[in-house]
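Trainee: Handing you a structure now.
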Amino acid sequence: MRLTPHRIKPGTQVDLAAIDTRNTPMLSGDKRTERSQAEARHAENVVAMQALQQRLFAEQKQSLLVVLQGMDTAGKDGTIRHVFGLLNPQGVRVHGFKVPTALEQRHDFLWRVHAVAPPHGLVGVFNRSHYEDVGVVRVHDLVPEQVWSKRFDQINAFEQALTEAGTTVVKVFLHISKEEQKERLQARLDTPEKNWKFSMGDLEERKHWDAYQEAYSDAIARCSTASAPWYIVPADRKWYRNFVVSTIVRTTLERMNPQVPEVDFDPSTITIDR
Ligand code: ADP
């Protein structure tokens, strides 16, 4: 499965504002069957991922880290449920990053991130990540430009170090339009069971939409590397988003090609007592 339409080649300029949030280039042209195609292929991906995860867990020699970023309501929680929710929970660690605590603020920005990177055998999922430190931090001037502007290189070095230690890193930006965000925020107001998800803070952040798009465009351009690529996933349609993210995870695990360990005994010589 070719992910090239969504994978950002190292060194390319990125302008999120110019990238379609409803594009479906990984599906064949017939619009009427797109949704069922995507759902069927997503289901196949999940079955393949389950077998690959089992092998990764048994092998204990490498790990996978999937970084999820996106604007509020972009679908980070839904992606975790639909793509990672059917894996063996013993082998998955999901970590959400909030405003840094007082202790975290007394450390370098990568300290809290490194501490929860997945150990060999596991799939780690970051719901937000160190990219907040060049995202919200930049948009709101939480540190001076001379501090955040050095972070792209620091992030690349950090991800390279993880990679060399056996952690494959992939980064996914769930790309929604401003109109789609409006609809999703409105749905949180209109649906009683969704009210709890609504935050006045989201309306405040929405005012900075363009600044966020610019900050993420830069971060993706500066930090999409050959070994730790960024993917920009059109995410207005949840069924396309789920299909693309499961394809990314599946193909990445296939490339990692984990192997169950060889045993140092001959199973055929062993008899189990009655
Ligand atoms: P959710 O991820 O479900 O939206 P919250 O509503 O608690 O959860 O949002 C977490 C908040 O923490 C976001 O507004 C995010 O921008 C903020 N945050 C995460 N990391 C950082 C950081 N390094 N510096 C400042 N704010 C951060």
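Trainee: Do you know which of the residues in region 140-164 that are of a type in the set (S, T, N, Q) and either in contact (Cβ under 8 Å) with a residue 60 or more places away in the chain or under 19 Å from Ile80 (Cβ atoms) (or both) is nearest to the ligand (Cβ to nearest atom)?
Mentor: Step one: list which residues in region 140-164 are of a type in the set (S, T, N, Q), which gives 146, 149, 154, 156, 160, 163.
Narrowing further to those that are either in contact (Cβ under 8 Å) with a residue 60 or more places away in the chain or under 19 Å from Ile80 (Cβ atoms) (or both): 156, 160, 163.
Numbers: Asn156: 18, Gln160: 21, Thr163: 22 Å.
It comes out as Asn156.
Trainee: Give me the pairs: first residue in region 192-206 and of a type in the set (Phe, Trp, Tyr), second residue in a helix (DSSP H, G or I), beta-carbon distance under 6 Å, and six or more apart or on different chains, which are they?
Mentor: So the pair list comes out as Phe198/Arg188; Phe198/Leu189.
Trainee: Would you check which residues across region 248-274 are more than 24 Å from Gly11 (Cβ to Cβ) and within 15 Å of the chain's Cα centre (by Cα) and list them? I'd like the intermediate steps shown before the answer.
Mentor: Here is the first cut: in region 248-274, the residues more than 24 Å from Gly11 (Cβ to Cβ) are 249-250, 253-254, 256-274.
Listed by number, the residues that qualify are Val249, Arg250, Leu253.
Trainee: Another question, if that's okay. Taking Gln105, is it away from the ligand (no atom under 12 Å from the Cβ), over 12 Å from the mean Cα position of the chain (by Cα) and not hydrophobic (A, V, I, L, M, F, W, C)? Working first, answer last.
Mentor: Details: away from the ligand (no atom under 12 Å from the Cβ): no; over 12 Å from the mean Cα position of the chain (by Cα): yes; not hydrophobic (A, V, I, L, M, F, W, C): yes.
It is false that Gln105 is away from the ligand (no atom under 12 Å from the Cβ), over 12 Å from the mean Cα position of the chain (by Cα) and not hydrophobic (A, V, I, L, M, F, W, C).
Trainee: Looking at (1) open to solvent by 60 Å² or more (accessible area, probe 1.4 Å); (2) aliphatic (A, V, I, L, M); (3) in a helix (DSSP H, G or I), which is the only condition Leu162 fails?
Mentor: (1)
Trainee: Let me ask something additional. Can you find even one residue in region 224-237 that is free of Cβ contacts under 8 Å to residues at least 12 places away in the same chain and either surrounded by 15 or more Cβ atoms within 10 Å (Cβ to Cβ) or of a type in the set (D, E, K, R) (or both)?
Mentor: no
Trainee: On to the next question. Only residues that are surrounded by 12 or more Cβ atoms within 10 Å (Cβ to Cβ) and touching a helix residue (DSSP H, G or I) at 6+ places or on another chain (Cβ under 8 Å): list them for region 198-209, please.
Mentor: Here is the first cut: in region 198-209, the residues surrounded by 12 or more Cβ atoms within 10 Å (Cβ to Cβ) are 198-199, 202, 205-206, 208-209.
Scanning region 198-209 gives Phe198, Asp202, Glu205, Arg206, His208, Trp209.
Trainee: Do the conditions hold for Gln181, that is, is it within 16 Å of the ligand (Cβ to nearest atom) and out of contact with any Lys or Arg (no Cβ under 9 Å at 6 or more places or on another chain)?
Mentor: Details: within 16 Å of the ligand (Cβ to nearest atom): yes; out of contact with any Lys or Arg (no Cβ under 9 Å at 6 or more places or on another chain): no.
When the stated conditions are applied, Gln181 does not pass them.
Trainee: Picking from Val172, Val99, Val137, which residue would you name as being under 22 Å from Asp72 (Cβ atoms), within 13 Å of the ligand (Cβ to nearest atom) and either open to solvent by less than 60 Å² (accessible area, probe 1.4 Å) or touching a His at 6+ places or on another chain (Cβ under 6 Å) (or both)?
Mentor: Numbers: Val172 fails: within 13 Å of the ligand (Cβ to nearest atom); Val99 fails: either open to solvent by less than 60 Å² (accessible area, probe 1.4 Å) or touching a His at 6+ places or on another chain (Cβ under 6 Å) (or both).
Exactly one of Val172, Val99, Val137 is under 22 Å from Asp72 (Cβ atoms), within 13 Å of the ligand (Cβ to nearest atom) and either open to solvent by less than 60 Å² (accessible area, probe 1.4 Å) or touching a His at 6+ places or on another chain (Cβ under 6 Å) (or both), namely Val137.
Trainee: For region 1-41, enumerate the residues that are part of a loop (DSSP other than H, G, I, E, B) and touching a Phe, Trp or Tyr at 6+ places or on another chain (Cβ under 9 Å).
Mentor: Going residue by residue through region 1-41, those that are part of a loop (DSSP other than H, G, I, E, B) are 1-6, 8-15, 19-30.
Selection gives Leu3, His6, Ile8, Val14, Arg22, Asn23, Thr24, Met26, Leu27.
Trainee: Testing Leu86 on (1) at pLDDT 95 or above; (2) surrounded by fewer than 19 Cβ atoms within 10 Å (Cβ to Cβ), one condition comes back false. Which one is that?
Mentor: Condition not satisfied by Leu86: (1).
Trainee: Ile248 versus (1) without any contact (Cβ under 8 Å) to a residue 12 or more places away in the chain; (2) closer than 21 Å to Gly78 by Cα; (3) of a type outside the set (Asp, Glu): which is the lone unmet condition?
Mentor: Against the list (1) without any contact (Cβ under 8 Å) to a residue 12 or more places away in the chain; (2) closer than 21 Å to Gly78 by Cα; (3) of a type outside the set (Asp, Glu), Ile248 comes up short only on (1).
Trainee: Based on what the data block shows, is Val94 more than 10 Å from the ligand (Cβ to nearest atom) and either on the phi > 0 side of the Ramachandran plot or in contact (Cβ under 8 Å) with a residue 24 or more places away in the chain (or both)? I'd like the intermediate steps shown before the answer.
Mentor: Working: more than 10 Å from the ligand (Cβ to nearest atom): yes; either on the phi > 0 side of the Ramachandran plot or in contact (Cβ under 8 Å) with a residue 24 or more places away in the chain (or both): yes.
For Val94, the condition - more than 10 Å from the ligand (Cβ to nearest atom) and either on the phi > 0 side of the Ramachandran plot or in contact (Cβ under 8 Å) with a residue 24 or more places away in the chain (or both) - is met.
The values are calculated or read from the model by the stated rules, or taken from the named source; none is laboratory data. From a predicted model like this one, the values you see are computed outputs, not experimental measurements. We place every Cβ from the backbone using ideal geometry, glycine too, and count neighbours over all the protein chains shown. Calculation scope for accessible area: heavy atoms of the full protein, side chains included, ligands and nucleic acids excluded. Shrake-Rupley method; radii C 1.70, N 1.55, O 1.52, S 1.80 Å.
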